[in-house]
Amino acid sequence: MIPYLLRRLIYLGPVWLGISFIAFALSSLSPGDPARLTLQRQLDRQPTAEEVTRAREDLGLDAPFVVRYVRWVGDAVTGDLGTSYRTGEPVLGALLERFPNTLRITLLGLGGAVAVALPLGVMAAVWRNSPLDHLSRIVSLLGASMPSYWVAYLLILLFAVRLHLLPVAGRGTWQHMVLPATTLGLATGASLMRLTRSEMLEVLGQDFVRTGRAKGLGPRAVIVGHALRNALIPVVTVAGLRFAGLLGGAVIVETIFAWPGIGKFVLDSIFDRDYPVIQGFVVFMGTVFLIVNLAVDLSYGLLDPRIRLGQR
Amino acid sequence: MVHGRDPLRTSLTRRHALRLAGVTAGAASLAGTTGARAASFARAQGAPGGELVVGATQDGYRNEPNRANIGMYPLNPNVFESLVRLTPDYQIEPLLAESWEFVEPNTWRFTLRQGVTFHDGTPFTAEAVRWSMGRIAASGGGVLGVDENSTVVIDDFTVEITPTRPNRRLPQQLNHPNNSIVAPNTEPAETRVGTGPFREVEYAREDQYVVEAFDGYWGDAPGLSRITFRFIPDATSRVLALQSGEVDLIYEVPRESAQDLPSSGDFTLATSTVGAYEALYVNIHGAEPYDLGQDPAIREALAYAIDKETIVSGVWQGNAEISDTMIPPAILGPAADTITGTTFDPERARGLLDAAEWVAGDDGTRAKDGRRLALAMIVGFPNAEIHRPMPEFVQAQLADVGIEMEIVQTPDTASYEERLGTGEGDLWAEAGSQNDGNPCFLPDLLFSTPVPDGDPESTAYGRAFAPGADFDAHIEECRSAVPPEEVQAAAASAMKVLIDEQFVVIPLAGTFRLFGVAAKVTGFEAHPSGVNQRWAGVTVAG
């Protein structure tokens, strides 16, 4: 296990470097002069040519691309992702300040999705072609098909405008998290439910399940102890990917619900060509992706005893 | 302000347009008065009381030292005040300065209001002006053009400001919230201490800004005890928040919601006078294939081929008015009438093109010497979305006179400006607004002939749209005149060159600020410049 973990950690290095290079290159290729945009925002007027030149020097934008990249990546590995052109904040600090807000609704959404999707997926598979199975398939199809912004507005209309049970937008209480988390979790829950069902159907037809039943194991032991455990590997993989995807892609939900998370901050930065934030975000989220992926891989060993990580 | 061209997403019904006429008339009558208006603006409609929750747009404050504008711009919760104030008809009136005079060659002397205190109890004196101008100087001098030596304290209530370059428009620029007066030795990045009718209670970034009535306010007491401004970036969410009762008033109602909002009787739409515009600029200096705008006949034909009335009723759903001036007509005063604009006349447009030997082909599109009359409209400032579906309307109308038009949407402002820099386009759709009292600001910025080492964006606009010497001469008059009437006349003459003579600008619509207001809110008057919105006269019933 430990050698495997070390090997995976070593592999992360080149991948992380690749992410950082792509982030840096893509944002540098975007149209618009960040020096001028920054000054325009800061001065609230059009900057003069001298001011733009000076700002380009101050921001280090006058150096060649490679020099700027090496300088930036050198700082990044020490945790210095630069300073936001737009707000003047240290990028890492700004991301870390907002990340917990995004993490909160993402965890809640994913947790809710898993809590609903797993049992429903298992039941749909066990009672295949039953009314419950048909219903779960319809619900999961709808959940996966509806765009998140539409779901968000529907939820607001129902629970805030009509029923007055939950707030429309903002933060401050646990109620403020319910609708954004539900919106985020719905599509994930739908896809997890479908995946769980299909994986369970496949596993339930395998020999070891029949053997278990023949040996007199009860339905609970067969389904939960043997079938579900085997079916969970792809489900965990997808859940991990969705989790990381939700963290980086919650911008629409954050905007609709006025939730001050990382996505909204980065979107504003993209429009303002705030390169340090854009680059920092890509690297930050890339790092989160790598960590989540690693955690998912490591979890395989816990789920399936046949997998002996590091001893293969 | 970002050169005063921030986006508007407003609309209102015909009924409100009529009401608007009344508001405009009222504003015009107000314009006849002078300093006394300042003290009477904050009409309390009862003892302070009542709490208002406002759904504002996104938190656009910046919080760097010297450049921090928390509590000022773009959301102006009336914590701070400037030396002067912008009236709804775009005139300047006294606020913390009671009067001012110009001293040759380039100095403005202000006599300050006495008996004013900051929220922390510090008396307001000339030192506060010096300190505040010093902040602006430290951030580059702003549009005012001040440096650390520009502001001189003559006595406690007299101060002189001498910009580093000739600037006779300074009083008209001072109203901008970014030029607010802050308490000496305070920095808005850390603490917000102003002289306004409301004092700050809490600022939670990207969440809310809470203010309460300031007991020691020098003017009439505000009608509200507390206002909570909640930042809700999404326009639809703001409407839903209003409908759910979570907020009492919202900024920038989307025009597609404007028709439905008042139907329940629980809400009204509050509309301002014209404070913003939608217009097309014609590239008159483009290189092939974007050189067709160099032909005066084509430009004039474009102006007559576009049916503004259809655009106002169809695109803005009646929530705008036909504009001949681009910038708000009120800011030009009586001189606005000298700009005649064009009326929809497709026959005349066809005649102009016929006379210029643009002949209609089999598919209806005209051609001359083997070249099709095909134009590209670039849509993206401040974003493509707010123009929809205007480009499609114009496309259909131009096709009717034999002009083919391609619509090119840019993903964001930076891409739009990048394209403008290379001149790749014939028609440029822009929406903008006027946030200060300087009538030559926008025409000067966008259409002056570029100068060496000039402002880069102004240069990009000038390279595409500058009509030349006549226009520049009027702008120079506008820059150097002191009497307001002369300034207005010069600005109107410059606009006339753009619109009536050179047909570089085709104004499409003058647009309004549109607020959604719960029935229990009274006394709210929408200001055409959203960043100059006033709150002291508002009350909440119950």
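Of the residues making up region B:236-250, those that are open to solvent by 20 Å² or more (accessible area, probe 1.4 Å) and either assigned to a loop (DSSP other than H, G, I, E, B) or touching a residue at least 40 places away in the same chain (Cβ under 8 Å) (or both) are B:245, B:246. Scanning region A:148-165 for residues that are under 25 Å from the mean Cα position of the chain (by Cα) and open to solvent by less than 60 Å² (accessible area, probe 1.4 Å) turns up A:148, A:151, A:152, A:153, A:155, A:156. Pairs are defined by a Cβ separation below 6 Å, a sequence spacing of at least 6 or placement on different chains, a first member in region A:258-273 that is more than 7 Å from chain B (Cβ to nearest Cβ), and a second member that is among the aromatic types (Phe, Trp, Tyr); the pairs so defined are A:262/A:99; A:266/A:281.
Evaluating residue A:129 against the criteria (1) away from chain B (no Cβ under 14 Å); (2) in contact (Cβ under 8 Å) with a residue 40 or more places away in the chain; (3) not in a helix (DSSP H, G or I) leaves one unmet condition, (2). Restricting region A:78-105 to residues that are in a loop (DSSP other than H, G, I, E, B) and surrounded by fewer than 17 Cβ atoms within 10 Å (Cβ to Cβ), the residue that is nearest to the other protein chains (Cβ to nearest Cβ) is A:80. A single member of B:404, B:418, B:430 is closer than 24 Å to residue B:302 by Cβ, of a type outside the set (Lys, Arg) and open to solvent by 20 Å² or more (accessible area, probe 1.4 Å), and it is B:404. Here is a check on your reading of the model: is residue B:203 open to solvent by 20 Å² or more (accessible area, probe 1.4 Å), closer than 30 Å to residue A:152 by Cα, in contact (Cβ under 8 Å) with a residue 24 or more places away in the chain and more than 8 Å from chain A (Cβ to nearest Cβ)? Spelling it out, residue B:203 is indeed open to solvent by 20 Å² or more (accessible area, probe 1.4 Å), closer than 30 Å to residue A:152 by Cα, in contact (Cβ under 8 Å) with a residue 24 or more places away in the chain and more than 8 Å from chain A (Cβ to nearest Cβ). Give me a count of the residues in region B:331-342 that are open to solvent by 70 Å² or more (accessible area, probe 1.4 Å) and closer than 23 Å to residue B:429 by Cβ. Adding up the residues that qualify gives 1. Here's a check for you: in region B:343-380, which residue that is touching an Asp or Glu at 6+ places or on another chain (Cβ under 8 Å) and among the β-branched types (Val, Ile, Thr) is surrounded by the most Cβ atoms within 10 Å (Cβ to Cβ)? Of everything passing the filter in region B:343-380, B:378 is surrounded by the most Cβ atoms within 10 Å (Cβ to Cβ). Of the strands (runs of 3 or more DSSP E) lying entirely inside region B:155-223, those containing at least 3 residues that are more than 26 Å from residue B:540 (Cβ to Cβ) are B:158-161. How many residues are over 19 Å from the mean Cα position of the chain (by Cα) and open to solvent by 20 Å² or more (accessible area, probe 1.4 Å) if we restrict to region B:251-283? Going through region B:251-283 one residue at a time, the tally reaches 11.
Considering only residues in region A:133-142 that are open to solvent by less than 60 Å² (accessible area, probe 1.4 Å) and out of contact with any Ser or Thr (no Cβ under 9 Å at 6 or more places or on another chain), the one that is nearest to residue A:183 (Cα to Cα) turns out to be A:136. When residues in region B:439-469 are screened for being more than 11 Å from chain A (Cβ to nearest Cβ) and either open to solvent by less than 10 Å² (accessible area, probe 1.4 Å) or over 24 Å from residue B:173 (Cα atoms) (or both), 13 of them pass. Among the residues of region B:401-454, those that are in contact with a helix residue (DSSP H, G or I) (Cβ under 6 Å, 6 or more places away or on another chain) and among the charged types (D, E, K, R) comprise B:412, B:426, B:436, B:444, B:453. In region B:167-200, the residue that is farthest from the chain's Cα centre (by Cα) out of those that are within 14 Å of chain A (Cβ to nearest Cβ) and among the acidic types (Asp, Glu) is B:190. Residues of region B:215-251 that are under 20 Å from residue B:60 (Cα atoms) and away from every other protein chain (no Cβ under 14 Å): B:227, B:249. Taken together, A:108, A:120 contain a single residue that is open to solvent by 20 Å² or more (accessible area, probe 1.4 Å) and under 30 Å from residue B:246 (Cα atoms), which is A:108. For region B:287-330, a residue qualifies if it is assigned to a loop (DSSP other than H, G, I, E, B), modelled with pLDDT of 95 or more and open to solvent by less than 10 Å² (accessible area, probe 1.4 Å), and exactly one does: B:306. Among the residues making up region B:62-82, a single one is of a type in the set (Ser, Thr, Tyr) and open to solvent by 20 Å² or more (accessible area, probe 1.4 Å): B:73. Please find, within region A:182-232, the residue that is most open to solvent (accessible area, probe 1.4 Å) out of those that are closer than 30 Å to residue A:155 by Cα and either of a type in the set (Gly, Ala, Ser) or in a loop (DSSP other than H, G, I, E, B) (or both). The residue in question is A:198. Screening residue B:464 with (1) without any contact (Cβ under 8 Å) to a residue 12 or more places away in the chain; (2) part of a helix (DSSP H, G or I) gives one miss only, at (1). Considering only region B:510-530, I want to know if a residue exists there that is under 16 Å from residue B:339 (Cβ atoms), open to solvent by less than 10 Å² (accessible area, probe 1.4 Å) and either of a type outside the set (A, V, I, L, M) or at pLDDT 95 or above (or both). Yes: one or more hits.
The values are calculated or read from the model by the stated rules, or taken from the named source; none is laboratory data. Being a predicted model, the structure only gives us computed values, none of them experimental. Neighbour counts are summed over all protein chains in view; Cβ atoms, including those assigned to glycine, are modelled from backbone coordinates with ideal geometry. Heavy atoms of the whole protein, side chains included, go into the accessibility calculation; ligands, DNA and RNA do not. Shrake-Rupley method; radii C 1.70, N 1.55, O 1.52, S 1.80 Å.
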